[in-house]
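Report on one structure; see the data block that follows.
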């Protein structure tokens, strides 16, 4: 069975509309984000270092949570055809392996002249604690888009030996 993603056009969107996703952070998520971004800050990838830093454990890259906001904007609200113009973030608490993060975006303002939207963005953990907050500005699509959801490839992570 095919799965589709569909946008909401500027004219369909109302102030107060919301969309959300939920994702549980895994070690694999951290490794994939580090490989993709090149960010090998030891707070994210070195367990021995992380045990002795201020959080005493491996934590997610801040922008890993930010990328989940982008996922909501690009796939749900407004969805396909959205143009990202800007984003602010405040990182309020660490995200640790096993934390379940719910990302919610809410339409805060609409500007008809250029089809711009301002959206409040909140990432909360399984305890309801806000871990990231911010605001996004986008250009909402004006034409309806409905597409088959692309199946992403499987990725295999291969550990390197310490000598490589």
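The values are calculated or read from the model by the stated rules, or taken from the named source; none is laboratory data. Fair warning: this is a prediction, and the values are worked out from it, not measured in the lab. All Cβ positions, even for glycine, are placed from backbone atoms using ideal geometry, and neighbour counts span all protein chains on display.
Structural remarks
- Single residue of the stretch 1-46 satisfying the filter (modelled with pLDDT under 95 and assigned to a loop (DSSP other than H, G, I, E, B)) that is surrounded by the fewest Cβ atoms within 10 Å (Cβ to Cβ): 1
- Residues that are touching a helix residue (DSSP H, G or I) at 6+ places or on another chain (Cβ under 6 Å) and surrounded by fewer than 19 Cβ atoms within 10 Å (Cβ to Cβ), drawn from the stretch 53-85: 53, 57
- Complete set of residues in the stretch 118-127 that are in contact with a strand residue (DSSP E or B) (Cβ under 9 Å, 6 or more places away or on another chain) and either in contact (Cβ under 8 Å) with a residue 24 or more places away in the chain or surrounded by fewer than 14 Cβ atoms within 10 Å (Cβ to Cβ) (or both): 119, 121, 123, 125, 126
- Residue check, residue 79 within 15 Å of the chain's Cα centre (by Cα) and on the phi > 0 side of the Ramachandran plot: yes
- In the stretch 128-161, the residues that are out of contact with any strand residue (DSSP E or B) (no Cβ under 8 Å at 6 or more places or on another chain) and free of Cβ contacts under 8 Å to residues at least 60 places away in the same chain: 128, 129, 150, 151, 152, 153, 154, 156, 158, 159, 160, 161
- Of all residues in the stretch 43-75, those being free of Cβ contacts under 8 Å to residues at least 12 places away in the same chain and more than 21 Å from residue 158 (Cβ to Cβ) number 9.
- Test result for residue 50, over 14 Å from the mean Cα position of the chain (by Cα), at pLDDT 95 or above and surrounded by 15 or more Cβ atoms within 10 Å (Cβ to Cβ): no
- The stretch 131-154, residues that are under 19 Å from the mean Cα position of the chain (by Cα), under 23 Å from residue 22 (Cβ atoms) and surrounded by 10 or more Cβ atoms within 10 Å (Cβ to Cβ): 131, 132, 133, 134, 135, 136, 138, 149
- Where a residue in the stretch 90-117 is touching a residue at least 24 places away in the same chain (Cβ under 8 Å) and at positive phi and its partner, wherever it lies, is crowded, with 17+ Cβ neighbours inside 10 Å and in a strand (DSSP E or B), with Cβ under 6 Å and at least six apart: 115/139
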